[in-house]
Amino acid sequence: MNCVRGAAVALLLSTANSTIQAAETVTGRWAVDLPACTRYVGAAAELPLTVTDDALRWSDDSCRIERTYKTGDTIHIQANCWGLSGVRSIPVSLRPHAGKLVVTWDRGSRGELKRCP
């Protein structure tokens, strides 16, 4: 029984480690262009996306990351968000490539963002 429990803990830790590594590749602020990096109000498409190890913020949504997994280069996130639309659980996909981040937010493509300095 201890061997099974030990294997389960090892599997959980390896899964958690891969989740942390996945989040590190996209952690930071992302925006459509350099001027958008410093905006805090405006249209959703002009505001930066902020990604931390345990949260996301974009436009009027503030989100707590509930679950993450990675397929290929894409990081899939289930986020619990609250904002003008109320409280809801939404899927978010982040795919970094060539210094850019392709974002799908609540099943809608939001385009490519560039990392803010």
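The values are calculated or read from the model by the stated rules, or taken from the named source; none is laboratory data. Everything numeric in this text was worked out from a predicted model, so none of it was measured. Counting neighbours? That spans all protein chains shown, and the Cβs are built from the backbone with ideal geometry, glycine included. Side chains included, ligands, DNA and RNA excluded: accessible areas come from the protein's heavy atoms. Shrake-Rupley method; radii C 1.70, N 1.55, O 1.52, S 1.80 Å.
Tabulated results
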| quantity | calculated |
| --- | --- |
| Leading residue by the ranking (nearest to LEU101 (Cα to Cα)) among those in the range 38-70 that are β-branched (Val, Ile, Thr) and open to solvent by 70 Å² or more (accessible area, probe 1.4 Å) | THR38 |
| Residue in the range 83-117 that is most open to solvent (accessible area, probe 1.4 Å), counting only those that are in contact with a Cys (Cβ under 8 Å, 6 or more places away or on another chain) and over 17 Å from GLU46 (Cα atoms) | VAL87 |
| Hey, ARG67 part of a strand (DSSP E or B), in contact with a helix residue (DSSP H, G or I) (Cβ under 9 Å, 6 or more places away or on another chain), without any contact (Cβ under 8 Å) to a residue 40 or more places away in the chain and of a type in the set (Lys, Arg) or not | yes |
| Number of the condition not met by VAL32 [criteria: (1) at pLDDT below 95; (2) touching a Leu at 6+ places or on another chain (Cβ under 9 Å); (3) open to solvent by 80 Å² or more (accessible area, probe 1.4 Å)] | (3) |
